Amino acid sequence: MAKLYLKFDAKLVKEFSLSHGVITIGRLPDNLVQIDNPAVSGHHARIFWDTDHYVVEDNESTNGTYVNNHRMARAELKDGDSILVGKHTIEFKDTWHEDVPTEKTPAVAAAPMQRLDGTMMLDTKKARELLAQVQAASVAKGTTGAGAPDTAATAAASGGVRPPSR
């Protein structure tokens with residue numbers, strides 16, 4: 001997860017966790033990252049997610065936005081970048097990267113996914129065997145006649161296959 005660390009004179013002022021929304025930076029209280037400093041414009045800059053990375057964009061502020069000490073109108077952010085807004089520094093930390101594997105595990109091909117939208121072919125021989133086992137178990141327990149298991153219970157026990165109607 002990416003985070004912003006707002007600092008003044010190398011001291012941490014506040015920490016912000018980033019989502020894939022827009023983070024506004026400025027002097028006015030309606031900004032998510034509010035910096036109460038006259039060198040910061042009311043709506044100075046914004047940080048947002050753009051396809052597969054974060055971007056910082058200056059909102060045509062009076063004093064500009066600097067990324068790694070270079071004035072930028074717009075810049076792609078990378079882990080460890082430093083954004084200068086007025087006299088405040090915002091450190092960008094991206095602790096998760098999609099392109100860097102976390103473990104050195106060899107890739108294993110997954111088994112093909114079974115289609116669930118088609119009709120499934122039942123093994124009728126296996127179904128008959130399961131039904132025979134269920135019927136034998138019910139006879140052994142003495143549940144014949146009125147105490148016989150209902151067809152829904154028989155179907156559930158047989159893996160969803162109902163016995164043929166008589």
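Does residue 40 satisfy the criteria of being in contact with a Lys or Arg (Cβ under 7 Å, 6 or more places away or on another chain) and under 14 Å from residue 2 (Cβ atoms)? If you could, list the steps in order and put the result at the bottom.
Working: in contact with a Lys or Arg (Cβ under 7 Å, 6 or more places away or on another chain): yes; under 14 Å from residue 2 (Cβ atoms): no.
Here the answer is no, as residue 40 does not meet what is asked.
Out of 58, 9, 52, 36, I need the residue that is open to solvent by 10 Å² or more (accessible area, probe 1.4 Å), of a type outside the set (A, V, I, L, M) and over 18 Å from residue 89 (Cβ atoms). Which one? Break it down stepwise before answering.
On the way: 58 fails: over 18 Å from residue 89 (Cβ atoms); 9 fails: over 18 Å from residue 89 (Cβ atoms); 36 fails: over 18 Å from residue 89 (Cβ atoms).
The match here is 52.
So in region 81-100, with the set limited to residues that are open to solvent by less than 100 Å² (accessible area, probe 1.4 Å) and part of a loop (DSSP other than H, G, I, E, B), which one is modelled with the lowest pLDDT? Give the steps one after another, and end with the answer.
First pass over region 81-100, keeping only residues open to solvent by less than 100 Å² (accessible area, probe 1.4 Å): 81-86, 88-94, 97, 100.
Keeping just the survivors that are part of a loop (DSSP other than H, G, I, E, B) gives 81, 86, 97, 100.
On the way: 81: 96, 86: 94, 97: 52, 100: 43.
It comes out as 100.
Looking at 21, 26, which is the one that is out of contact with any strand residue (DSSP E or B) (no Cβ under 6 Å at 6 or more places or on another chain) and crowded, with 19+ Cβ neighbours inside 10 Å?
26
In a strand (DSSP E or B) and open to solvent by less than 60 Å² (accessible area, probe 1.4 Å), is that true of residue 66?
Spelling it out, it is not the case that residue 66 is in a strand (DSSP E or B) and open to solvent by less than 60 Å² (accessible area, probe 1.4 Å).
So for region 69-80 (the condition being part of a loop (DSSP other than H, G, I, E, B), open to solvent by 90 Å² or more (accessible area, probe 1.4 Å) and within 20 Å of residue 10 (Cβ to Cβ)), does at least one residue qualify? Write out each step before concluding.
Residues of region 69-80 that are part of a loop (DSSP other than H, G, I, E, B), as a first pass: 69, 73, 77-80.
Then keep just the ones that are open to solvent by 90 Å² or more (accessible area, probe 1.4 Å); that gives 69, 78.
Next cut, within 20 Å of residue 10 (Cβ to Cβ) only: 69.
Yes, region 69-80 contains at least one residue that is part of a loop (DSSP other than H, G, I, E, B), open to solvent by 90 Å² or more (accessible area, probe 1.4 Å) and within 20 Å of residue 10 (Cβ to Cβ).
What about residue 69, is it within 15 Å of residue 88 (Cα to Cα) and either at pLDDT 95 or above or out of contact with any His (no Cβ under 7 Å at 6 or more places or on another chain) (or both)? Lay out the reasoning, then the answer.
On the way: within 15 Å of residue 88 (Cα to Cα): yes; either at pLDDT 95 or above or out of contact with any His (no Cβ under 7 Å at 6 or more places or on another chain) (or both): yes.
In short, yes.
Regarding residue 46, is this residue within 30 Å of the chain's Cα centre (by Cα) and exposed (fewer than 15 other Cβ atoms within 10 Å of the Cβ)?
When the stated conditions are applied, residue 46 does not pass them.
The values are calculated or read from the model by the stated rules, or taken from the named source; none is laboratory data. The structure displayed is predicted, hence computed values, not measured ones. Cβ coordinates were reconstructed from backbone atoms using ideal geometry, including for glycine residues, and neighbour counts include every protein chain displayed. Note: accessible area is taken over every heavy atom of the protein model, side chains too, but ligands, DNA and RNA are not part of it. Shrake-Rupley method; radii C 1.70, N 1.55, O 1.52, S 1.80 Å.
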